[in-house]
1. State, as an integer percentage, the relative contact order of the chain based on alpha-carbon contacts under 8 Å between residues 6 or more apart.
2. Scan [x] 28, 18, 9; [y] 16, 14, 12; [z] 26, 12, 8 for the value of semi-axes √(5λ) of the Cα gyration tensor in Å calculated from this model and give just the label.
3. Probe radius 1.4 Å, ligands and nucleic acids ignored: give me the carbon and sulfur share of the accessible area of the chain as a rounded percent.
4. Going toward the positive end of the dipole of the chain, with +1 on Lys and Arg Cβ and -1 on Asp and Glu Cβ, which of 12, 62, 51 do you reach last?
5. Within the chain, what's the longest run with no trypsin sites (Lys or Arg not before Pro) in a DSSP loop and at most 11 other beta-carbon atoms within 10 Å? Give the range, please.
6. Pull out the extension gain between residue 31 and residue 67, defined as 0.36 nm times the separation in residues minus the alpha carbon to alpha carbon distance; nm, one decimal.
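The values are calculated or read from the model by the stated rules, or taken from the named source; none is laboratory data. Since the structure is predicted, the reported quantities are computational estimates derived from the model, not experimental observations. Backbone-built Cβ (ideal geometry, glycine too); neighbour counts: all protein chains shown. Please note that ligands, DNA and RNA were not included when accessible areas were found on the heavy atoms of the full protein model with its side chains. Shrake-Rupley method; radii C 1.70, N 1.55, O 1.52, S 1.80 Å.
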Amino acid sequence: MFDTGRWNVTDPAGRQVGVVDGDEYVRDGDHLLYRIDGNELYSAGPEGRLFGFIEGELVIAPATSSLLLRFTRE
């Protein structure tokens, strides 16, 4: 889904977090924030901790089912 085009990534309040630019990473400038793997979102650090599950254009927390991030096609 995110392998084509550019996507804005926002927090639940609508503040810009980063972008996805046709690949599997959410970036803030040159800084990698998250890695997308199928319907899972991981931290981009060496641990690669599961951050949430992607459901359509939303990222949902695994433990609380709360909204973490939103993807919007640019």
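1. 27
2. So the structure-derived entry is [y].
3. Of all accessible area on the chain, carbon and sulfur atoms account for 48 percent.
4. 12
5. It runs 16-48.
6. Stretched fully, the residue 31-residue 67 segment lengthens by 10.7 nm.
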